[in-house]
Amino acid sequence: MENIKELEEDIQNYNDLIKEFKTLDSSDFTTAYKLAQSSLIMADRWNEIMLNSVKYSKESDYTKSELTSYSYQRFKMLMKIHDFCRVIYRQGSYGIQNSFYGEDLI
């Protein structure tokens, strides 16, 4: 039963990160850096959950394949968030601005 509680905490942490990502502004590169770190760490955790899906499925109502698929989708999304936040951080930290033919966008 302890494994299910850990899984529920991981789901809550994932949902919290998604909420924070939804409010991310493209000029807030410090938050983007924090999200990039958090999403990479969380992706590693969801990869571990995917690996141990047999253990979790024994304690829940879900099959191994359902948990594996669910975990993999979370892992993929976290990796996309990580990549996106890395781009925002790089743009902000180097002072790169989006431009169109050399003119800054307003």
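The values are calculated or read from the model by the stated rules, or taken from the named source; none is laboratory data. Here the structure is a predicted model, which means the values were calculated and not measured. Heads up, the Cβs are rebuilt from the backbone with ideal geometry, glycines too, and the neighbour counts pull from every protein chain shown.
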When residues of the stretch 1-17 are limited to those that are of a type in the set (A, V, I, L, M, F, W, C) and farther than 27 Å from Tyr94 by Cβ, the one surrounded by the most Cβ atoms within 10 Å (Cβ to Cβ)
Leu7
If you take the residues of the stretch 72-89 that are surrounded by fewer than 19 Cβ atoms within 10 Å (Cβ to Cβ) and of a type in the set (A, V, I, L, M), which of them is nearest to Gln37 (Cα to Cα)?
Met79
Does Lys76 qualify as being within 30 Å of Gln91 (Cβ to Cβ) and either part of a helix (DSSP H, G or I) or touching a residue at least 60 places away in the same chain (Cβ under 8 Å) (or both)?
yes
Out of (1) surrounded by fewer than 18 Cβ atoms within 10 Å (Cβ to Cβ); (2) within 10 Å of Ile81 (Cβ to Cβ); (3) not small (Gly, Ala, Ser), the odd one out for Gln37 is which?
(2)
Looking for something among the acidic types (Asp, Glu), part of a helix (DSSP H, G or I) and touching a residue at least 40 places away in the same chain (Cβ under 8 Å) - is there at least one such residue anywhere in the stretch 48-66?
yes
Scanning the stretch 22-34 for residues that are touching a residue at least 24 places away in the same chain (Cβ under 8 Å) and in contact with a Leu (Cβ under 7 Å, 6 or more places away or on another chain), the one surrounded by the fewest Cβ atoms within 10 Å (Cβ to Cβ) turns out to be Leu24
Determine which member of the set Ser53, Ser57, Ser39, Ser71 is at pLDDT 95 or above, small (Gly, Ala, Ser) and closer than 16 Å to Asn3 by Cα.
Ser71
